[in-house]
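See below for the structure under consideration.
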Amino acid sequence: MALCTPLTNACKRATASVPSASATSVLKPCSSRWRRGNATVAPPVTQDATSSKGPTAMVFMNMGGPSTTDEVGDFLSRLFADADLIPLGRLQSYVGPLIARRRTPKIQKQYAEIGGGSPIRKWSEYQAAQMCMILDKTSPETAPHKPYVAFRYADPLTEEMYGKLIEDGFGAGKGGRAVAFTQYPQYSCSTTGSSLNELWKWRNRLEGKRATGEVDPEGSIKWSVIDRWPIHSGLVEASAQNIEKTLATYPKGRRDNVVLLFSAHSLPMSVVNRGDPYPAEVAATVYAVMQRLGMKHQYRLVWQSQVGPQPWLGAQTSDTVESLIKKGQTDLILIPIAFTSDHIETLYELDKEIIGEAEQEGVRRVESLNGNPVFIKALADIAKAHLQSGSACSPQMTLRCPGCVSERCLAQKEFFAGQAKHLSAFSQ
């Protein structure tokens, strides 16, 4: 989650240059654009000569972030309009834009301090492209794998991504398979749920009943979802290795006494009390990482990015750091455990606000996963296992929060779970 708060994070700017996702594209766009309402069933997507079940579109879903300061206003407007992420009640359509306008100048300054924009698009495109290159080798039956990125609040938006899928020969009468791969390792209705709601909306508009008159038209994209992966061994290993690298920067005499603070984006307590699984899944990730580290250090799970007067899940990261320093504990490592790449919450909130204001040499942050090869291999392993499983989504995804009353959420879950009937032709 990102930017639901006063955007309090900062650290080092990601400066590594990465290849563009287009470098690994293996499908050629169609010669003609698909027109909404076109009922003609086109030939199937061209298969690769070495593939019996491909091509496969791999869609990375995330919140996203403005790539330039000029994009901040639109980003905030979309963010505060989303009741799945920031529930503002019946006046959301009025209050959301008002908050966005008031906060835009402040947030623009924060993005300016971390280099003029978020690096999350760069890292997402790089991670998706690298993962697909691995999958082409490890899962040739479903190759070629084509990478896409769909952001909830910033370019490339879900609508843009879906249009690109159609241009590239998926759906709109041509069939083909796509995997929605959430880049939130831990499921929340506010993040993964919101992204899937948006994907479901645009699928209906571009391929479903609103476009063709049919709920499940022939030749539409067949979807499956990787909806959570909080304790995958590769995620745990990559996180643990980064922590060990940071621990190694402390003198040996201090190293064993460093306290580890795992920081994740907080949630309003109204969402937590509704039964959202996010707190439990983040805690599961933390415990798995600590087991990998041998439980040798004291640690806590803390929460960042609270915004507004309503109660949020705590303890807050900033308050915890301040409290521990006052008690004499000045060697602390902050670990962004729910973020898979750098963005405003790491680069400004953690680095500049929390670490910068602490003014303690012993307060440091673990590097984000970004282009970590262990992490990227983990993404490929998760994707391969999913492709081989024949599953449309995890069993857990179809269970609604006990307090959920959203009919949209119900319809979205029913749609993606119902895609299982189409996947037998693609499974191994």
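The values are calculated or read from the model by the stated rules, or taken from the named source; none is laboratory data. Please read all numbers here as calculations on a predicted model, not as lab measurements. Methodologically, a virtual Cβ is constructed for each residue, glycine included, from the backbone with ideal geometry; neighbour enumeration extends over all protein chains shown.
Between Ser394, Ser389, Ser318, the distinction of being under 23 Å from the mean Cα position of the chain (by Cα) and closer than 29 Å to Ser270 by Cβ belongs to Ser394 only.
Looking at this structure, is Ile134 within 18 Å of the chain's Cα centre (by Cα), β-branched (Val, Ile, Thr) and over 23 Å from His422 (Cβ atoms)? Walk me through how you get there before you give the answer.
Values: within 18 Å of the chain's Cα centre (by Cα): no; β-branched (Val, Ile, Thr): yes; over 23 Å from His422 (Cβ atoms): yes.
No; evaluated as a whole, the condition is false for this residue.
Filtering the stretch 292-304 for residues that are basic (Lys, Arg), under 26 Å from Val271 (Cβ atoms) and assigned by TED's automatic domain parsing to the domain that holds Ser270 leaves a non-empty set.
Please verify whether the stretch 165-172 includes one or more residues that are in a helix (DSSP H, G or I), touching a residue at least 60 places away in the same chain (Cβ under 8 Å), of a type outside the set (Val, Ile, Thr) and within 18 Å of Ile344 (Cβ to Cβ). Scanning the stretch 165-172, I find no residue that is in a helix (DSSP H, G or I), touching a residue at least 60 places away in the same chain (Cβ under 8 Å), of a type outside the set (Val, Ile, Thr) and within 18 Å of Ile344 (Cβ to Cβ), so the answer is no. Among the residues of the stretch 154-171, none qualifies, meaning not one is crowded, with 21+ Cβ neighbours inside 10 Å and under 20 Å from Ser389 (Cβ atoms). Here is the figure for the stretch 131-162: residues that are part of a helix (DSSP H, G or I) and over 14 Å from Glu198 (Cβ atoms) total 11. Of everything in the stretch 198-239, what is closer than 15 Å to Val179 by Cα and polar (S, T, N, Q)? Give them in sequence order. Listed by number, the residues that qualify are Ser220, Ser224.
Restricting attention to the stretch 296-334, the residues being farther than 28 Å from Arg103 by Cα, touching a Lys or Arg at 6+ places or on another chain (Cβ under 9 Å) and hydroxyl-bearing (Ser, Thr, Tyr) number 0. When we screen Ala385, Ala378 for residues that are crowded, with 17+ Cβ neighbours inside 10 Å, assigned to a helix (DSSP H, G or I) and of a type in the set (Gly, Ala, Ser), the only hit is Ala378. The residue list Glu357, Glu349, Glu367, Glu353 contains one member that is among the acidic types (Asp, Glu), out of contact with any Ser or Thr (no Cβ under 6 Å at 6 or more places or on another chain) and modelled with pLDDT of 95 or more, which is Glu367. Of the residues screened, Leu98 is one that is assigned to a helix (DSSP H, G or I), aliphatic (A, V, I, L, M) and under 21 Å from Thr69 (Cβ atoms).
Taking Gly193, is it surrounded by fewer than 21 Cβ atoms within 10 Å (Cβ to Cβ) and over 14 Å from His422 (Cβ atoms)? So Gly193 does not fit the description; no.
Looking only at the stretch 50-84, which residues are more than 20 Å from the chain's Cα centre (by Cα) and modelled with pLDDT under 90?
Taking the stretch 50-84 as the starting set, the residues that turn out to be more than 20 Å from the chain's Cα centre (by Cα) are 50-55, 69-70, 73.
Those that are more than 20 Å from the chain's Cα centre (by Cα) and modelled with pLDDT under 90: Thr50, Ser51, Ser52, Lys53, Gly54.
Among the residues of the stretch 196-231, those identified as assigned to a loop (DSSP other than H, G, I, E, B) and either surrounded by 19 or more Cβ atoms within 10 Å (Cβ to Cβ) or on the phi > 0 side of the Ramachandran plot (or both) are Glu207, Gly208, Gly213, Gly219, Ser220, Ile221, Asp227, Arg228, Trp229, Pro230. Residues in the stretch 330-374 that are outside any helix (DSSP H, G or I), surrounded by 24 or more Cβ atoms within 10 Å (Cβ to Cβ) and touching a Gly at 6+ places or on another chain (Cβ under 8 Å): His343 alone.
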